[in-house]
1. How much length is gained on full extension from S35 to A145, taking 0.36 nm per residue of separation minus their Cα-Cα distance?
2. Return the distance in nm (one decimal) between the two label points of a simple spin-label model at E204 and A182, each offset 7 Å from Cα along Cα→Cβ.
3. Once neighbouring chains are kept in place and the probe is 1.4 Å, which whole percent of the accessible area of segment 4-258 is contributed by carbon and sulfur?
4. Would you work out if the chain is rounded, prolate or oblate? Take a ≥ b ≥ c from the square roots of the eigenvalues of the alpha-carbon gyration tensor; rounded if a/c is under 1.5, else prolate when a/b is larger than b/c, oblate otherwise.
5. Taking a 26 Å limit on the Cα-Cα distance, which of the listed pairs K180/K228; K130/K163; K85/K249; K28/K130; K21/K122; K28/K167 fall beyond it?
6. Count charges around G179 for me, please; just the other residues with Cβ under 14 Å from its Cβ, Lys/Arg as +1, Asp/Glu as -1.
7. Can you tell me what share of the DSSP beta bridges in segment 1-156 is antiparallel? A percent to the nearest 5 is fine.
8. Nearest 5 percent is fine: what portion of the DSSP beta bridges confined to segment 4-258 is antiparallel?
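The values are calculated or read from the model by the stated rules, or taken from the named source; none is laboratory data. Not measured: the values here are computed from a predicted model. All Cβ positions, even for glycine, are placed from backbone atoms using ideal geometry, and neighbour counts span all protein chains on display. Remember, those area values only see protein heavy atoms, side chains included, never the ligands or the DNA or RNA. Shrake-Rupley method; radii C 1.70, N 1.55, O 1.52, S 1.80 Å.
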Amino acid sequence: MKKLIIAGNWKLYIEQVEEAKKLGLALKRKAASFSGLDMVLFPPAPFISAVAAGVKNSSIAVGAQTISSFEEGAHTGYISARTVKDVGATWALVGHSERRAQMLDGIKAAAETEETIQAEMKAAERAGLKVILCVGEEERDPSGAHFATIARQLSSALAHFPKSGAKLAIAYEPVWAIGKSAAEACKPADLEEMAIFIRRTLSELFDRTIATKIPILYGGSVDATNAKELLGTGGVSGFLVGRASTDAKSFIELLHAVR
Ligand code: PEP
């Protein structure tokens, strides 16, 4: 059985460095009792260094919520893959739906396109970062168009990614399930079906043996109440967790639920 990966995307929920350090330390204290899983924390970029220092000598890794598609140069305000690596990140999230180009509440949100996502994948790889590539459809329809969306996102983002498939995990994050209640998360049977589809798509993009080794995670309203059931079908080997990862109590409850 693959080792579980439980990743916490703190988004903008954590706004103060002391709060970030405290959460990191609370999880570090528990990490040894969850040796069957790997934890990865994604704090806001300015806190990567402090959180990484705090969880040092534990099994917890730290990552960046995003990296620039530029590797260096005159790009004001961007943070490169090499920079986040230098301050302690070993992972990066790429292609999170909250960063893909889309309209949110009438405002054009971050403009990551398939081209910039490809460039981020390359930048991460060149910096030696591991990547959680997020894919997910905005809505489902009975004709199954969401499968084509996922296939397109995967094949585009991975077009130039090393065929070794090392340092890669995929997070299936249907946009319609993010930030909702646990009851509105993807249903286990639908998740299993999508995980099989993602695995099949990966085996067209990578060697078959390599494709079986790439972890597939799920993200979208996971917490301690639905985690076990979502893992139950065996399609995914972990989670990318937003809201429930930003509080030590709910994160630790989730860890207990999946142990
Ligand atoms: C996410 O945005 O990556 C996510 C999974 O969020 P939540 O768990 O809050 O739905």
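1. Extra length available between S35 and A145 comes to 35.7 nm.
2. 3.6
3. Accessible surface attributable to carbon and sulfur in segment 4-258 totals 54 percent.
4. Judged from the Cα gyration tensor, the chain comes out rounded (a/c under 1.5).
5. Distance filter (> 26 Å) returns K85/K249; K21/K122.
6. Result for the local shell: -3.
7. The antiparallel fraction comes to roughly 10 percent.
8. If I count the DSSP bridges inside segment 4-258, around 5 percent turn out antiparallel.
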